[in-house]
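Below is one structure, written out as C-alpha cells; comments come after it.
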Ligand SMILES: Cc1ncc(COP(=O)(O)O)c(C=O)c1O
C-alpha cells in the first residue's frame, strides 16, 4: 500500500516525445546547435527531469533567466548561461560556479571582470544586444563602441553575442527583418575590427519556425523553449512537426443528479434547464485551470467531451455528464491531452483565456504532481 494516495491532479510529461521534439528541432536548424531554454522551472514542467532528458538527447547547453536557476543546473556538466541580467551581488557566485554571464553594459562587464581577476578565473561572457526587444542589453546602435571598450577588460572570455525577438511569430515581418539586419551589420563591423565570436544566436522558437535565416551562418546556435514541448505560438507558422509532450489529468470526484432550476457554483452563473447528471472533477484554478474555462471549456471523460458548467473554483470544477451516463467516481479526467478519439490541446485554453500557452504552462499549480513517462 502506498503511504500517500496518488495526487489527484497530474501533469504527465512524455520524455520520449520531448527527446523526439528536441531531435527534430536539431535536424531543422542544423548545423546550428540547440540551447534548451529552461527558465522558470522549465516553463513549469520541472527543470531537473527536463534537463536530464535533454542532456541525454544532446542539448548543447542550457539557458536560464537568473542566477539561482543557473546554480540548479551547473552540476550537470553542460554550459549554463544566464540570458537576462546579473546583479552585482550575484556576480561572485556566478563567477565561482563557472556560469556564462550576460554582458548588458560596460559597467556590468567591469564588475564581472574585477571579480574574475579576484578569483583568478576566466569567465565566459556573451554580449546581449538590444536590437528591438526594449528590455535588456546594449542598444544595437551604441554596441560597437561599447564592445570595443569592453573586450579590453581582463578575466573575461567574450565567447558569444546574442539578441532576442519580440514578434518573430509574424513571418516576413519587417520589424524582425530589421532586427536581424542590424545585428548582422554589427557583427560584420566587429569582425572588421578583429572581434569574432564562437557563439552567435538570435532565434527563439518563433524565429526557428518563421525566420529560417536565423538558423544559418553567421548564427551558430538557436535558443528554444516552447517548441521543446511540442507547443507553438498560436499566431505563428509551424514549420516543424512536433508532438505535444504534456497532458493534465485529474479524477472524477463526485457524480450527482441535480434537479432543473439548480444553479452551479460561485456567482450562480449556470442554471440547469432540466434534471442533469453533474460531475465534479478534482481540479480548479489552484491547479492551473484558467477561470476563463468557466461555462466555456471542456474536459474528457471516457473519451467524451464534457462541458464545464458554472465557474471554475479553486479545487473543483463542475461538468455535465449527460454524454457519459456510465461515468464512475474516480474515473480519469483529461483536462489537456487526448482520450480516445478526442483531444483538448493546450492552445484551446489559451484561446479561451486570451493569452499564450507560456502563461498557462507557468500557471500549473504547485500541488499538481509532475509525472515523467518514459514509455
Ligand atoms: C532571451 C530568450 N531567448 C530564448 C527564449 C526562448 O523562447 P521560446 O520559448 O519562445 O523558444 C526566451 C524565452 O522567453 C528568452 O527570453
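Tabulated values for the structure
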quantity: DSSP beta bridges in the chain [antiparallel fraction, %, rounded to 5]; calculated: 50
quantity: Centroid-to-centroid separation of the range 262-295 and the range 74-146 [C-alpha atoms, Å]; calculated: 49
quantity: Chain lengthening between residue 192 and residue 355 when straightened (0.36 nm per residue, less Cα-Cα); calculated: 54.3 nm
quantity: Value of relative contact order over the chain, rounded to a whole percent, pairs C-alpha under 8 Å and six or more apart; calculated: 18
quantity: Residue 241-residue 23 pseudo-label distance in nm [points 7 Å out on the Cα-to-Cβ vector]; calculated: 1.4
quantity: Listed residues 305, 15, 87, most fluctuating in the chain (Gaussian network, C-alpha, under 10 Å); calculated: 87
quantity: Where N is the number of residues in the chain, Cα Rg divided by 2.2 N^0.38 Å; calculated: 1.15
quantity: Computed [θ] at 222 nm, deg cm²/dmol, the chain (DSSP H ≥ 4; -39,500 (n - 2.57); rounded to nearest 500); calculated: -8500 deg cm²/dmol
quantity: Net lengthening on full extension, residue 48/residue 135 (0.36 nm per residue, minus Cα-Cα); calculated: 28.5 nm
quantity: In nm, spacing of pseudo-spin labels at residue 342 and residue 6 (7 Å Cα→C-beta vector); calculated: 2.1
quantity: Helix 174-192 axis, angle to the chain major axis (alpha carbon atoms, nearest 10°); calculated: 30
quantity: Ranked by how many other beta carbons lie within 10 Å on average, peptides 312-320, 92-100 from highest; calculated: 312-320, 92-100
quantity: Highest-first arrangement of 170-176, 20-26, 220-226, where packing means the average Cβ count within 10 Å; calculated: 220-226, 20-26, 170-176
quantity: Contact order normalised by residue count of the range 246-373, Cα under 8 Å, 6+ apart, percent; calculated: 28
quantity: Ranked by how many other beta carbons lie within 10 Å on average, peptides 200-213, 146-159, 128-141 from highest; calculated: 200-213, 128-141, 146-159
quantity: Stretchable slack from residue 89 to residue 157, in nm (0.36 nm times residue separation minus alpha-carbon distance); calculated: 22.4 nm
quantity: Tilt relative to the chain, helix 15-29 - C-alpha long axis, 0 to 90 degrees, to 10; calculated: 40
quantity: Equivalent ellipsoid dimensions for the range 246-373 as semi-axes, Å, which come from the Cα gyration tensor, largest first; calculated: 23, 17, 13
quantity: Separation between Cα centres of the range 175-236 and the range 151-167, rounded to whole Å; calculated: 14
quantity: FRET efficiency for residue 119 and residue 234, using Cβ-Cβ distance with R0 set to 41 Å, rounded to 0.05; calculated: 0.35
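All of the numbers you see were taken from the coordinates with simple rules; none came from a lab. Note that the structure is a prediction, hence the values are computed from the model and not measured. A quick note on method: Cβ atoms are made from the backbone with ideal geometry, for glycine too, and the neighbour counts reach across all protein chains shown.
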